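Here, each number is a calculation from the coordinates, and none is a lab measurement. Just so it is clear, the structure is predicted and the values come from calculations on it, not from any experiment. Neighbour counts run over all protein chains shown; Cβ positions are idealised from the backbone, glycine included.
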Amino acid sequence: MKALIIGNGGREHALAWKIKQSPLVKKVFVAPGNGGTDLDERIENIDIAVNDINKLVLFAKKEKIDLTIIGPEVPLSEGIVDIFIENKLKVFGPRKLAAQLESSKDFAKSFMERHKIPTAKYKTFTNIKDAHRYIKEEGAPIVIKADGLAAGKGVVVAMTVQEALLAVDSMLEDNLFGDAGARVVIEEFLTGEEVSFIVICDGKSILPLESSQDHKRLLDSDLGPNTGGMGAYSPAPIITPELHRKIMSEVIEPTTEGMKKDGIEFTGFLYAGLMIDKNNDIKTLEFNCRMGDPETQPILFRLKSDLFEILLAAANRNISNYKAEWDQGSAITVVIAAENYPNQPKINDEIFNHNHNNNNNDNCFIFHAGTVLKNNKIYSAGGRVLGVTAKGNSLKNAQEHVYNLVKNISFKGMQYRTDIAQKALKKSSERS
Ligand code: AMP
Ligand code: GLY
């Protein structure tokens, strides 16, 4: 069979890497892909942008693609799944109405309120004066969120009232995010530990993936600006079997049930960003309607089952008979980013030692993100450049392994965090 993956990040390289391992699959295409997918002989890059939906449909028809998997949120929010279904093409992802769980924070918050899914207290504003008044009443810290998609930059965790007022002004007055910021959600500040919990939905049943934890800040010790994610590990040690059940019954099941009640069926990956406090109380920070990046890399690195078979079954509304098998160790991804990321990343630097992927070592892999292949050389082409991934029988072991690999890679101005998974290791040593 033939698979098509839409996207060009580390997440899509990991999806393509996993899917090409399926005995059912003879060809994997990625549109548009990156330098890493280009290097792989069993994967073919197709030069079509993620939101050029008509061209993608034509390509899928011409190649008789058996399953298309959508990586990023933008084409989902533009209705790519609806259009593929109208064209009788098999596709895995949520329809446009369901994708609003990610594409509108206001939609997600009112949905959670309506269906009693635990989340932070909030109000939505389009008027600056009203928003200012609310911030002054509530005080800081407080969180300001652009309603629409803003490539991970639309959330300001304001530690002072002044910072919160400025964030609102930048969205409602200066149109920093255009239409995406024409409405703002203002939300109670939550504390605790963040976890990414991702499940596969076929519209009827749910198949949970293993948990993971991302590192959103640029610098060690969770300092510096927010990014798309600088590293992740799986599983998240904080997720005990009991907490897993609680997340399913308090957040995931009410979400898919609530969507059904609202007349919208959810199919695709459902990603709940959760805050877990000291008492193990759960609050939902956000929903995404896709896999996380970089969470996908360590999660799929531990998945033993055939992902293509599972996603094809999900697209056929038939996952209830499937279970996912996992490697019992831990996996870690360390993101190597370009100079000046996340502001104006510098691109076009040659990357050395990026490819340890042909040495038949199943315990490590370097996923590419913002890279391009030119004359047999790999150059940086985006903010997050590589996702160096390793697994081990413990988190500590995986961490040693991954940083040994990172040390070999070089390109001008590269930056990475040196403490991915350190907090989890410290906590587990405190517990023992
Ligand atoms: P979001 O895109 O909504 O997940 O927000 C991005 C990041 O901002 C999250 O991963 C959290 O680190 C932080 N954040 C979002 N909402 C809150 C909140 N209510 N309280 C504290 N931090 C938050
Ligand atoms: N790593 C966070 C996200 O994919 O949204």
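For the reader, a short list of remarks on this structure follows.
- Among the residues of the range 162-182, some residue qualifies, meaning at least one is assigned to a loop (DSSP other than H, G, I, E, B), away from ligand 1 (no atom under 12 Å from the Cβ) and under 21 Å from Gly229 (Cα atoms).
- Residues located in the range 194-203, provided they are within 16 Å of Lys246 (Cα to Cα), buried (at least 18 other Cβ atoms within 10 Å of the Cβ) and of a type outside the set (Gly, Ala, Ser): Val195, Phe197, Ile198, Val199
- The one condition in (1) in contact (Cβ under 8 Å) with a residue 24 or more places away in the chain; (2) under 24 Å from Gly273 (Cα atoms); (3) among the hydrophobic types (A, V, I, L, M, F, W, C) that Ala167 fails to fulfil: (1)
- Residue that is within 16 Å of ligand 2 (Cβ to nearest atom), buried (at least 17 other Cβ atoms within 10 Å of the Cβ) and either in contact (Cβ under 8 Å) with a residue 12 or more places away in the chain or under 22 Å from Glu194 (Cβ atoms) (or both), where the choices are Ala98, Ala108, Ala140, Ala131: Ala108
- Among the residues of the range 174-193, the ones that are surrounded by fewer than 20 Cβ atoms within 10 Å (Cβ to Cβ) and either of a type in the set (Val, Ile, Thr) or within 16 Å of the chain's Cα centre (by Cα) (or both) come to 1 in all.
- Candidates in the range 272-294 are the residues that are among the basic types (Lys, Arg) and over 15 Å from the mean Cα position of the chain (by Cα); of these, the one that is farthest from ligand 2 (Cβ to nearest atom) is Lys278.
- Applying the condition of being of a type in the set (Lys, Arg) and within 16 Å of ligand 1 (Cβ to nearest atom) to the range 280-334 and asking which residue is farthest from Leu67 (Cα to Cα) yields Lys283.
- The requirement of being under 27 Å from Pro225 (Cβ atoms) and assigned to a strand (DSSP E or B) is not satisfied by Ile420.
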